[in-house]
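Everything below concerns the one structure shown next.
The values are calculated or read from the model by the stated rules, or taken from the named source; none is laboratory data. Computed from a prediction, not measured in an experiment: that's the story for all the values here. Don't worry about glycine lacking a Cβ; one is built from the backbone with ideal geometry, like all the others, and counts go over all protein chains shown.
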Amino acid sequence: MGGTVLLTGLLWPALKRASPSVVINVSSAGMFTCKVSVEDLQMRKGKYDGVLQYARVKRAQVELTELFAKKAAADSGVKVHVMHPGYSVTPGTKKLPGLADGKPGGFFEEHGERLRTAAQGADTIVWMASAPKLRETSGAFWFDRRQISPHFTMAGTTISTKEKEKLW
């Protein structure tokens, strides 16, 4: 999470010089499952859960993208967006239980027909890099070349503006 902000910040002068330009952060469906625990970003309270922490970090990435768009990108000519590539089979997901090992109840069984190739997952990222439509807005969440809500109804994943500011 901090790496995304640090890298974007370090590249910011070059991005401004090259404007119009776009920053594309890549999130994950895990972020739909939880909200950021602003008071426990390192998950030091309670038992550590790697899957939950991954989801929290990806949620924080979405929140920070929105905040970055408002604070830094406002009049700079740089647009900042975040997207979800879908359930893509990558070297990382191939290591998940149930995908490569063929055991029942794992990632493959849960997502089966929705799984995409890495190229299919990258499609929206590549499209976003050159789509004129992205110059019209900033801070949006994208999936399959469409802007969508980064929250499921009643999922309890939203945080307050004050909490977002703590992330910054």
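Some points to look at:
- Test: residue in region 14-36 that is at pLDDT below 85 and out of contact with any helix residue (DSSP H, G or I) (no Cβ under 9 Å at 6 or more places or on another chain): no
- Taking residues in region 113-138 that are under 22 Å from Ala69 (Cα atoms), and partners anywhere that are of a type in the set (Phe, Trp, Tyr), the pairs with Cβ atoms closer than 8 Å and at least 6 places apart or on different chains are Thr124/Trp142; Thr124/Phe143; Met128/Trp142.
- Candidates Val51, Val36, Val57, Val62: the one that is of a type in the set (Val, Ile, Thr), on the phi < 0 side of the Ramachandran plot and outside any helix (DSSP H, G or I) is Val36.
- Positions within region 125-168 being assigned to a helix (DSSP H, G or I) and among the small types (Gly, Ala, Ser), in sequence order: Ala129, Ser130
- Residue match in region 126-135 (condition: of a type in the set (S, T, N, Q), out of contact with any Cys (no Cβ under 6 Å at 6 or more places or on another chain) and surrounded by 11 or more Cβ atoms within 10 Å (Cβ to Cβ)): no
- Checking every residue in region 72-91 against the condition of being under 26 Å from Ser21 (Cα atoms), surrounded by 23 or more Cβ atoms within 10 Å (Cβ to Cβ), aliphatic (A, V, I, L, M) and at pLDDT below 80 gives at least one match.
- Of all the listed residues (Val51, Val57, Val62), the sole one being of a type outside the set (Ser, Thr, Tyr), under 20 Å from His151 (Cβ atoms) and modelled with pLDDT under 85 is Val51.
- Residues of region 139-159 classified as more than 15 Å from Val62 (Cβ to Cβ) and free of Cβ contacts under 8 Å to residues at least 12 places away in the same chain, total: 3
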